Amino acid sequence: MIKTILIVLVVIVVALLIYAASKPDTFRVQRSITIKAAPDKIFPLINDLHNMQIWSAWEKVDPGMKRSYSGAASGPGAVYEWEGNKEIGQGRMEILETNPPVKLMLRLTFIKPFPAENSVEFTLQAEGSITHVTQAIYGPSPFLSKVMSLVFSMDKMIGGKFEEGLAELKTIAEK
């Protein structure tokens with residue numbers, strides 16, 4: 001009886017690992033919001049990494065985290081590094097490319113709790129007196145991430161924080 005249970009458990013674990021291996025090799029999470037403001041008013045809020053403290057939901061996870069800035073004051077070459085509690089971890093982001101006031105690309109490097117490098121993209125599309133703002137993160141999905149996705153939804157975890165941050169960005173930009 002115990003042997004049968006162990007065999008069934010091994011078969012289940014192997015099946016889950018095979019299923020995880022079949023998941024896509026990349027991921028993408030994105031959220032959008034409509035803001036009653038021109039892109040020229042919104043873009044500076046994301047192009048200067050110092051401003052993240054006032055609108056990013058990640059900043060609220062560990063308000064006591066250590067922050068440092070280097071490189072350009074804003075735009076390409078601007079760098080923001082952080083080290084926080086176990087929830088926020090340690091990492092670095094750098095603005096790689098901007099096309100004011102419609103697009104911004106960042107490289108996001110996580111050091112802790114696990115190493116990863118992803119891209120973050122903001123796009124702003126004007127339509128009359130409103131702007132559609134989209135924030136996306138994408139990158140490789142190694143095997144460990146695929147296994148973790150069986151238990152945790154990156155879309156819900158990251159997407160929820162994107163929604164909170166974009167809502168705060170909207171509040172600030174519409175003032």
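The values are calculated or read from the model by the stated rules, or taken from the named source; none is laboratory data. Every value quoted in this text rests on a predicted model; they were computed, and no experiment measured them. With ideal geometry, Cβ positions are generated from the backbone for all residues, glycine too; neighbour counts draw on all protein chains shown. Side chains are part of the model used for accessible areas, which takes the heavy atoms of the whole protein and leaves out ligands, DNA and RNA. Shrake-Rupley method; radii C 1.70, N 1.55, O 1.52, S 1.80 Å.
Structure data summary
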quantity	calculated
Additional length obtainable on full extension of the chain from I18 to K36, 0.36 nm per residue less Cα span	1.8 nm
Proximal aspartates and glutamates relative to K161, as straight alpha-carbon distance under 17 Å, when same-chain residues fewer than 8 apart are discounted	E59, D62, E87, E121
Accessible surface, per residue, of the chain when the full set of protein chains is kept, probe 1.4 Å, Å²	58 Å²
Distance between modelled label sites at T134 and Q53, nm, 7 Å Cα→Cβ extension	3.2 nm
Within region 126-169: backbone nitrogen closer than 14 Å to the S119 label point (7 Å, Cα to C-beta)	136-141
Accessible carbon and sulfur surface of region 14-83 relative to its total accessible area, %, 1.4 Å	59 percent
Stokes-Einstein D for region 1-55, Kirkwood Rh over Cα pairs, 20 °C, 1.002 mPa s (µm²/s)	131 µm²/s
Residues V147 and V79, FRET efficiency given R0 of 35 Å [Cβ-Cβ distance, rounded to 0.05]	0.65
Viscosity 0.890 mPa s, temperature 25 °C, Stokes-Einstein D of region 51-122 from Kirkwood C-alpha radius, µm²/s	194 µm²/s
Carbon plus sulfur fraction of accessible area for region 135-175, probe 1.4 Å, in percent	66 percent
As computed over the chain, the Cα convex hull volume per residue (Å³)	127 Å³
Average projection area in nm² (convex hull over Cα atoms of region 92-171, one quarter of hull surface)	6.3 nm²
Computed Rg/Rh of region 24-90, alpha carbon atoms with Kirkwood Rh	1.02
Point-charge dipole on Cβ atoms (K/R +1, D/E -1) for the chain, about Cα centre, debye to 20	460 debye
Förster radius 41 Å - calculated FRET efficiency between S68 and A167, Cβ distance, rounded to 0.05	0.90
Set K36/K103; K112/K170; K41/K112; K66/K175 screened for pairs whose C-alpha atoms are more than 24 Å apart	K112/K170; K41/K112; K66/K175
